[in-house]
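K.L.:
Let me give you the structure first, and then I'll get to my questions.
The values are calculated or read from the model by the stated rules, or taken from the named source; none is laboratory data. These numbers were taken from a predicted model, which means no experiment stands behind them. When we count neighbours, we look across all protein chains shown, and the Cβ atoms used for this are built from the backbone with ideal geometry, even at glycine.
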Amino acid sequence: MADKKKPLLIVISGPSGVGKQTVAAELLKSMPELKVSISATTRKPRVDEKNGVDYFFFDRETFEKKIKEGFFVEYAEVHNNLYGTPIDNIKEAISKSEKLLLVIDIQGGRKIKETFPCETLLFFIEPPSFSTLHERLLKRGSESEDEIKKRLETAKVELSHRNCYDYIVINDDPKQAALEIKNIILREREK
């Protein structure tokens with residue numbers, strides 16, 4: 001039986017508007033032992049987001065400086081904004097044998113798996129349908145019509161890469177999706 005304390009990087013990815021953050025929040029309720037990795041971004045905070053809690057919000061110049069300093073294990077430009085995962089978060093979690101939850105884009109998830117292959121579980125969150133994804137983006141009300149159009153085009157590309165992930169979970173109900181992820185994590189710990 002494997003050591004149940006082995007480091008485990010749990011990556012949740014999927015298209016914009018699929019409900020990654022909602023599923024992650026539900027997962028955290030049922031698995032309080034998970035530590036959340038806070039990503040950095042150059043995008044503007046949404047109304048309910050706080051710096052250092054939801055994201056580290058940087059201006060582009062600061063973010064680019066941090067890239068040169070090796071601050072990120074992975075970073076990418078998505079919808080004209082930079083996003084990245086601070087490498088210290090991951091190194092610290094591994095050194096403490098903690099389970100770290102990362103909600104990041106597909107390129108980032110694949111880079112984490114490439115860098116830490118034995119410690120990483122990739123979960124792709126998929127919408128029940130493309131029209132549902134469109135409705136969710138509209139309901140969110142935080143993007144213009146042009147931005148929504150770009151996000152839907154990006155979603156088509158992202159959905160085509162879902163088979164690169166270890167598991168695909170359909171988010172029709174965030175509580176059910178989180179339960180499915182939790183059950184997979186528990187099974188994986190027993191391997």
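K.L.:
Any idea how many residues of segment 128-183 are assigned to a helix (DSSP H, G or I) and β-branched (Val, Ile, Thr)? Explain how you work it out, then say what you get.
P.N.:
Let us first name the residues in segment 128-183 that are assigned to a helix (DSSP H, G or I), namely 130-140, 145-160, 162-164, 174-183.
Filter once more, so that each one left must be β-branched (Val, Ile, Thr): 132, 148, 154, 157, 181.
Residues in segment 128-183 being assigned to a helix (DSSP H, G or I) and β-branched (Val, Ile, Thr): 5 in total.
K.L.:
Residues in segment 149-164 that are surrounded by fewer than 17 Cβ atoms within 10 Å (Cβ to Cβ) and touching a helix residue (DSSP H, G or I) at 6+ places or on another chain (Cβ under 9 Å): how many?
P.N.:
Here is the first cut: in segment 149-164, the ones surrounded by fewer than 17 Cβ atoms within 10 Å (Cβ to Cβ) are 149-150, 152-154, 156-157, 160-161, 163-164.
Okay, now just the ones that are also touching a helix residue (DSSP H, G or I) at 6+ places or on another chain (Cβ under 9 Å), so 152, 156-157, 161, 164.
Summing the residues that are surrounded by fewer than 17 Cβ atoms within 10 Å (Cβ to Cβ) and touching a helix residue (DSSP H, G or I) at 6+ places or on another chain (Cβ under 9 Å) in segment 149-164 gives 5.
K.L.:
Among the residues of segment 97-113, which ones are polar (S, T, N, Q) and farther than 12 Å from Glu77 by Cα? Spell out how you get there, then give the answer.
P.N.:
If we filter segment 97-113 for residues that are polar (S, T, N, Q), which is where we start, we get 97, 107.
Matches in segment 97-113: Ser97 only.
K.L.:
Tally time: how many residues in segment 29-81 are over 24 Å from Ser97 (Cα atoms) and assigned to a loop (DSSP other than H, G, I, E, B)?
P.N.:
Of the residues in that region, 14 qualify.
K.L.:
Considering segment 99-139 alone, what residues qualify as being surrounded by fewer than 17 Cβ atoms within 10 Å (Cβ to Cβ), over 15 Å from Asp166 (Cα atoms) and within 18 Å of the chain's Cα centre (by Cα)?
P.N.:
Thr115
K.L.:
Regarding Ile90, is this residue touching a helix residue (DSSP H, G or I) at 6+ places or on another chain (Cβ under 7 Å) and under 21 Å from Thr42 (Cβ atoms)? Lay out the reasoning, then the answer.
P.N.:
On the way: touching a helix residue (DSSP H, G or I) at 6+ places or on another chain (Cβ under 7 Å): no; under 21 Å from Thr42 (Cβ atoms): yes.
It is false that Ile90 is touching a helix residue (DSSP H, G or I) at 6+ places or on another chain (Cβ under 7 Å) and under 21 Å from Thr42 (Cβ atoms).
K.L.:
Which of the residues belonging to segment 130-172 are hydroxyl-bearing (Ser, Thr, Tyr) and modelled with pLDDT of 85 or more? Steps first, answer last, please.
P.N.:
Of all residues in segment 130-172, those hydroxyl-bearing (Ser, Thr, Tyr) come to 131-132, 142, 144, 154, 160, 165, 167.
Correct list: Ser160, Tyr165, Tyr167.
K.L.:
Taking His79 as meeting all but one of (1) in contact with a helix residue (DSSP H, G or I) (Cβ under 9 Å, 6 or more places away or on another chain); (2) surrounded by fewer than 21 Cβ atoms within 10 Å (Cβ to Cβ); (3) modelled with pLDDT of 85 or more, write down the number of the exception.
P.N.:
Result: His79 passes all but (3).
K.L.:
Please verify whether Glu92 is in a helix (DSSP H, G or I), touching a residue at least 60 places away in the same chain (Cβ under 8 Å) and acidic (Asp, Glu), treating the condition exactly as stated.
P.N.:
no
K.L.:
Quick test of your reading of the structure: Glu188 fulfils all but one of (1) without any contact (Cβ under 8 Å) to a residue 60 or more places away in the chain; (2) surrounded by fewer than 16 Cβ atoms within 10 Å (Cβ to Cβ). Name the failing condition by number.
P.N.:
(1)
K.L.:
Something else about it: So, in segment 26-46, of the ones that are over 24 Å from Glu114 (Cβ atoms) and touching a residue at least 60 places away in the same chain (Cβ under 8 Å), which residue ends up surrounded by the most Cβ atoms within 10 Å (Cβ to Cβ)?
P.N.:
Going through segment 26-46, the residues over 24 Å from Glu114 (Cβ atoms) turn out to be 26, 28-33, 43-46.
Okay, now just the ones that are also touching a residue at least 60 places away in the same chain (Cβ under 8 Å), so 26, 28-31, 33, 46.
Values: Glu26: 21, Leu28: 15, Lys29: 11, Ser30: 12, Met31: 16, Glu33: 7, Arg46: 11.
If we take residues in segment 26-46 being over 24 Å from Glu114 (Cβ atoms) and touching a residue at least 60 places away in the same chain (Cβ under 8 Å), then Glu26 is surrounded by the most Cβ atoms within 10 Å (Cβ to Cβ).
K.L.:
A further question on this structure: When the residues of segment 138-185 are filtered to those that are in contact (Cβ under 8 Å) with a residue 12 or more places away in the chain and polar (S, T, N, Q), which remaining residue is nearest to Thr22 (Cα to Cα)?
P.N.:
Asn171
K.L.:
Continuing with this model, one more query. Residues that are among the aromatic types (Phe, Trp, Tyr) and either over 22 Å from Leu8 (Cβ atoms) or touching a residue at least 60 places away in the same chain (Cβ under 8 Å) (or both): does segment 96-118 have at least one?
P.N.:
Of all residues in segment 96-118, those among the aromatic types (Phe, Trp, Tyr) come to 116.
Filter once more, so that each one left must be either over 22 Å from Leu8 (Cβ atoms) or touching a residue at least 60 places away in the same chain (Cβ under 8 Å) (or both): 116.
Within segment 96-118, one or more residues are among the aromatic types (Phe, Trp, Tyr) and either over 22 Å from Leu8 (Cβ atoms) or touching a residue at least 60 places away in the same chain (Cβ under 8 Å) (or both).
K.L.:
Hey, Phe57 hits all of (1) over 20 Å from Ala93 (Cα atoms); (2) surrounded by 15 or more Cβ atoms within 10 Å (Cβ to Cβ); (3) touching a residue at least 24 places away in the same chain (Cβ under 8 Å) but one; which does it fall short on?
P.N.:
Only one criterion in (1) over 20 Å from Ala93 (Cα atoms); (2) surrounded by 15 or more Cβ atoms within 10 Å (Cβ to Cβ); (3) touching a residue at least 24 places away in the same chain (Cβ under 8 Å) is unmet by Phe57, namely (3).
K.L.:
Next question, about the same structure. If you take the residues of segment 95-119 that are part of a helix (DSSP H, G or I) and of a type in the set (A, V, I, L, M), which of them is farthest from Leu34 (Cα to Cα)?
P.N.:
So the residue we want is Ile106.
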